[in-house]
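*Asks:* First, the structure itself, so that you have it in front of you.
The values are calculated or read from the model by the stated rules, or taken from the named source; none is laboratory data. This structure is a prediction, so every number in the text was calculated from the model and none was measured. No Cβ is skipped: glycine too gets one built from the backbone with ideal geometry, and neighbour counts run over all protein chains shown.
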Amino acid sequence: MACTRRAFTLAAALTAAAFTAGASLAGEALDRITSENTLKVATDANWAPQSFLNDNNEMDGFDVDVARELAKRLGVEVEFVTPAWDIITAGNWNGRWDVSVGSMTPTKARTEVLEFPAVYYYTPAAAAVHKDSPAANLADLSGKKMGATTASVFELYLQHDLTIDAAGVPSFEYQIEPGELRSYKDSTAVMDDLRLGDGTRLDGMVGSLPAILNGIENNYPIKIVGDPVFYEPLAIAIDKGDAELNAKLTTIVEDMRADGTLSALSEKWYGIDYTSTK
């Protein structure tokens with residue numbers, strides 16, 4: 001009986017210790033941001049107009065402006081880092097950065113390793129081809145060499161393995177069956193291969209409509225084919241484990257939507273308000 005009591009007491013102590021340890025981790029990321037007076041943001045340096053290096057070698061773009069506003073409302077400075085997209089989406093950041101402001105879609109797989117405090121805008125995903133391509137519709141791209149960013153929702157779409165974990169997103173169908181799928185570090189790299197000529201390296205691509213339109217504006221010899229293939233809700237993301245930071249960022253984004261800041265930034269960079277599905 002004494003052994004049972006001692007065992008129960010030890011188990012209770014271990015449980016209490018585990019609870020205390022867990023509680024001490026609550027707010028760890030937010031505490032780090034506050035103590036270091038810096039919000040470290042992971043994004044892309046080569047994905048205009050969302051995020052890119054401008055002529056002054058400074059980070060610029062819609063996502064960059066959103067990140068700066070998040071930091072401002074947190075009362076801290078902002079620092080940008082540019083790890084590979086597949087590393088960001090893998091989670092388990094271990095404090096290397098605090099938040100991803102990189103137009104990330106909350107997929108089923110990503111919600112297993114990341115938290116998504118708030119969706120901040122919505123954009124169409126589209127297919128594009130070289131301007132000399134005879135493709136007239138999405139079905140014409142089946143059996144062709146298609147390109148997309150590694151670990152992106154566009155790649156998942158072409159793999160027929162895309163599940164978007166967000167409310168209010170229109171349903172979609174897989175309208176392209178690639179003959180070959182090639183993965184790239186970012187959408188600019190995809191367009192760089194596509195611009196070489198119809199079928200030279202690629203026959204087509206799937207990517208963000210704003211990024212494709214930006215490429216066309218910058219004289220990439222490409223054109224859009226068909227209607228958008230799906231619509232993606234785009235969210236800020238944080239690593240698992242900090243409910244306090246999650247709640248704080250949710251509130252900030254809600255305030256930015258309510259006071260018109262998000263709409264103004266979308267109009268600035270896209271010429272259209274992508275911050276609502278209405």
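*Asks:* Picking from Thr15, Thr43, which residue would you name as being among the hydroxyl-bearing types (Ser, Thr, Tyr) and either at pLDDT 95 or above or touching a Leu at 6+ places or on another chain (Cβ under 7 Å) (or both)?
*Replies:* So the residue among Thr15, Thr43 that is among the hydroxyl-bearing types (Ser, Thr, Tyr) and either at pLDDT 95 or above or touching a Leu at 6+ places or on another chain (Cβ under 7 Å) (or both) is Thr43.
*Asks:* Kindly list the number of the only condition in (1) within 29 Å of Asp98 (Cβ to Cβ); (2) free of Cβ contacts under 8 Å to residues at least 60 places away in the same chain that fails for Ser171.
*Replies:* (1)
Quick grid of which residues meet (1) touching a Pro at 6+ places or on another chain (Cβ under 9 Å); (2) within 30 Å of Arg32 (Cα to Cα); (3) part of a helix (DSSP H, G or I); (4) outside the structural domain of Gly143 (by TED's automatic domain parsing):
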position: Asp193; (1), (2), (3), (4): no, no, yes, no
position: Met205; (1), (2), (3), (4): no, no, no, no
position: Gly215; (1), (2), (3), (4): no, no, yes, no
position: Ala247; (1), (2), (3), (4): yes, yes, yes, yes
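*Asks:* For segment 23-98, which helices (runs of 4 or more DSSP H) that fit wholly inside it have 2 or more residues that are touching a residue at least 12 places away in the same chain (Cβ under 8 Å), over 18 Å from Ala243 (Cα atoms) and touching a helix residue (DSSP H, G or I) at 6+ places or on another chain (Cβ under 6 Å)?
*Replies:* It comes to 62-74.
*Asks:* Would it be correct to say that Gly271 is free of Cβ contacts under 8 Å to residues at least 60 places away in the same chain and either crowded, with 22+ Cβ neighbours inside 10 Å or not β-branched (Val, Ile, Thr) (or both)?
*Replies:* Criteria met by Gly271.
*Asks:* Consider Ala235 carefully, then state whether it is assigned to a strand (DSSP E or B) and out of contact with any Ser or Thr (no Cβ under 6 Å at 6 or more places or on another chain).
*Replies:* yes
*Asks:* Further question: Test Phe80 against the criterion of being outside the structural domain of Leu162 (by TED's automatic domain parsing), among the aromatic types (Phe, Trp, Tyr), touching a strand residue (DSSP E or B) at 6+ places or on another chain (Cβ under 6 Å) and modelled with pLDDT of 95 or more, and give yes or no.
*Replies:* yes
Here's the yes/no breakdown for (1) in a strand (DSSP E or B); (2) surrounded by fewer than 19 Cβ atoms within 10 Å (Cβ to Cβ); (3) among the small types (Gly, Ala, Ser); (4) in contact with a His (Cβ under 9 Å, 6 or more places away or on another chain):
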site: Leu181; (1), (2), (3), (4): yes, yes, no, no
site: Ala189; (1), (2), (3), (4): no, yes, yes, no
site: Leu196; (1), (2), (3), (4): no, yes, no, yes
site: Ile224; (1), (2), (3), (4): yes, yes, no, no
site: Val229; (1), (2), (3), (4): yes, no, no, no
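*Asks:* Sticking with this one: Given the options Thr200, Thr163, name the one that is at pLDDT below 95, of a type outside the set (Phe, Trp, Tyr) and outside the structural domain of Met104 (by TED's automatic domain parsing).
*Replies:* Thr163
*Asks:* Can I ask one more? So which pairs qualify, if the first residue must be in segment 127-148 and at positive phi, the second must be surrounded by fewer than 19 Cβ atoms within 10 Å (Cβ to Cβ) and not aliphatic (A, V, I, L, M), the Cβ gap must be under 6 Å, and the two must be at least 6 apart or on different chains?
*Replies:* Qualifying pairs under 6 Å: Gly143/Gly179.
*Asks:* Further, regarding this structure: So, in segment 125-170, of the ones that are out of contact with any Leu (no Cβ under 9 Å at 6 or more places or on another chain) and assigned to a strand (DSSP E or B), which residue ends up nearest to Ile88 (Cα to Cα)?
*Replies:* Thr149
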